[in-house]
Amino acid sequence: MSRTTLSRYLIEQTRSHNTPADLRFLVEVVARACKAISHAVSKGALGGVLGSTDTENVQGEVQKKLDVMSNEILLEANEWGGTLAGMASEEMDKPYQIPGRYPKGAYLLLFDPLDGSSNIDVNVSVGTIFSVLRCPGDCFSQNDALGEEAFLQPGTKQVAAGYAVYGPQTMLILTLGDGVKGFTLDRELGSFVLTHENMNVPQSTAEFAINMSNQRHWEPPVQRYVSELLAGEEGPLGKNYNMRWIASMVADVHRILTRGGIFMYPRDAREPDKPGKLRLMYEANPMSFIIEQAGGMATNGQQRILDVQPKSLHERVAVFLGSKEEVERVTGYHQG
Ligand code: AHG
Ligand code: MN
Ligand code: MN
């Protein structure tokens, strides 16, 4: 049986959907970096990669050693290939400039190099999330430093998005705007092999994901919705729900993509000036693009996440995503 590797899938996409060759190369290089990160993550204590650094990132969060290593792996893999005008990362305050000695290209790459990093030291799944935008106008042909403004495009402008999940299996989930494909890393061959042709989020579900410890800080629409879920068969929704919370968005979204569910990280009263915890540009947007491409739905309670016009690179957003029926319901509670 001949197997479809990521490279072969991308070449076929170039033929059938006119996927530009530079975009294909870009995705291949990101996938290669994810393989390297997977390798580093899997070494654990043997590789001396566990634990924290003594630095904080732009968001004031303590950086894990693997946060920093993964960021460096992605930057080094992608800076020389000539496909990018710049990169942006959770771990860097400002956009990363392509060094002058390398050619520049038409795309912008944004990433969360290691998502769920509180789970690394306890050997629970983590991942990498990425989003690809076009560099607007002729920004890549200018010699000036690339500013933040070039990145501030709504999620509808993404040309590709994906994530790698480093779990019992390492998988790469990818959308080029034409459905969602899942690839599993064959460690012996060293290649990602297409194993999930057509990933679809079931429309209805009986499973939800939210960090319940924040309940007292939630706003009324979320209080109402979750209390209805908890009321089960006797409540207004008339069925019993199960709950899961891994605290790695990648792992929670991967479960939802596989068997349905709703994922919520609402805004809450802990930091009233911030509209949630998760970052719009490199967490919520790529995940929303994937979920929509798989037939699900993603909102911030008020509007479709992909329509949100970003104002800053590290902007936060409330997230409700997954099975349509449930995302519609909780979004509706925000309107009333
Ligand atoms: P990161 O490790 O990139 O900072 O992201 C962690 C995020 C997300 O993956 C997860 O869903 C959420 O934080 C968990 O937050 P709580 O610890 O508040 O539950
Ligand atoms: Mn994250
Ligand atoms: Mn991260």
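The values are calculated or read from the model by the stated rules, or taken from the named source; none is laboratory data. The shown structure was predicted, so the numbers you read here are calculated from the model rather than taken from an experiment. All Cβ positions, glycine included, derive from the backbone under ideal geometry; neighbour counts span all protein chains shown. Accessible surface is based on the protein model in full, side chains and every heavy atom, while ligands, DNA and RNA are left aside. Shrake-Rupley method; radii C 1.70, N 1.55, O 1.52, S 1.80 Å.
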Checklist outcome for this item: Listed by chain and number, the lysines with an alpha carbon less than 21 angstrom from that of residue 64, same-chain partners under 8 positions apart left out, are 35, 43, 94, 277
Item to check | Sites matching GluC sites (Glu not before Pro) across region 164-238 that sit in DSSP coil, with at most 12 neighbouring C-beta atoms within 10 Å | outcome: 188, 197
Checklist outcome for this item: The relative contact order of region 6-196, taking Cα pairs under 8 Å that sit 6 or more residues apart, comes to a percentage of 15
Next on the checklist: Need one number: % antiparallel among DSSP beta bridges in region 207-335, to the nearest 5.
Outcome noted: 70
Checklist entry - If one takes the longest principal axis of the Cα atoms in the chain, at what angle in degrees, from 0 to 90 and to the nearest 10, does the Cα axis of helix 65-78 lie? => result 50
Next on the checklist: Below 8 Å, C-alpha to C-alpha, sequence gap of six or more: please give me the relative contact order for region 207-335 in percent.
Outcome noted: 27
Item to check | Ellipsoid equivalent to region 38-120 - semi-axes via the Cα gyration tensor, in Å | outcome: 25, 15, 10
Item to check | For region 203-336, radius of gyration divided by Kirkwood radius, i.e. Rg to Rh on alpha-carbons | outcome: 0.93
Checklist entry - Can you pull the semi-axes for region 6-196, root of five times each eigenvalue of the Cα gyration tensor, sorted largest first, whole Å? => result 26, 22, 14
Item to check | Accessible area (Å², per residue) of the chain, counting only protein heavy atoms and a probe of 1.4 Å | outcome: 42
Checklist outcome for this item: Quick P(r) readout (the chain; Cα-Cα; 10 Å bins; whole %) gives 6, 26, 35, 24, 8, 1, 0
Checklist entry - So, counting K/R as plus one and D/E as minus one, what does the shell of residues with Cβ under 13 Å around residue 322 add up to? => result -1
Checklist outcome for this item: Relative contact order as a percentage, the chain, C-alpha pairs under 8 Å and 6+ apart, gives 15
Checklist outcome for this item: Between the Cα axis of helix 324-335 and the main Cα principal axis of the chain, the angle (0 to 90°, nearest 10) is 70
Checklist outcome for this item: Under the helix-only model (-39500 (n - 2.57) for each DSSP H run of 4 or more, divided by the residues of the chain), the mean residue ellipticity at 222 nm, to 500 deg cm²/dmol, is -9000 deg cm²/dmol
Checklist outcome for this item: In the neighbourhood of residue 254 defined by beta carbon distances under 12 Å, the net charge of the other residues (Lys, Arg +1; Asp, Glu -1) is +1
Checklist entry - What chymotrypsin sites (Phe, Trp or Tyr not before Pro) does region 245-336 have in DSSP loop regions with at most 16 other beta carbons within 10 Å? => result 245
Checklist outcome for this item: Given trypsin sites (Lys or Arg not before Pro), DSSP loops and at most 16 other Cβ atoms within 10 Å, the longest exposed-site-free stretch of the chain is 4-100
Checklist outcome for this item: With a 1.4 angstrom probe the carbon and sulfur portion of accessible area for the chain, in percent, totals 49
Item to check | Neighbourhood net charge (15 Å Cβ-Cβ; Lys/Arg +1, Asp/Glu -1) for residue 268 | outcome: +4
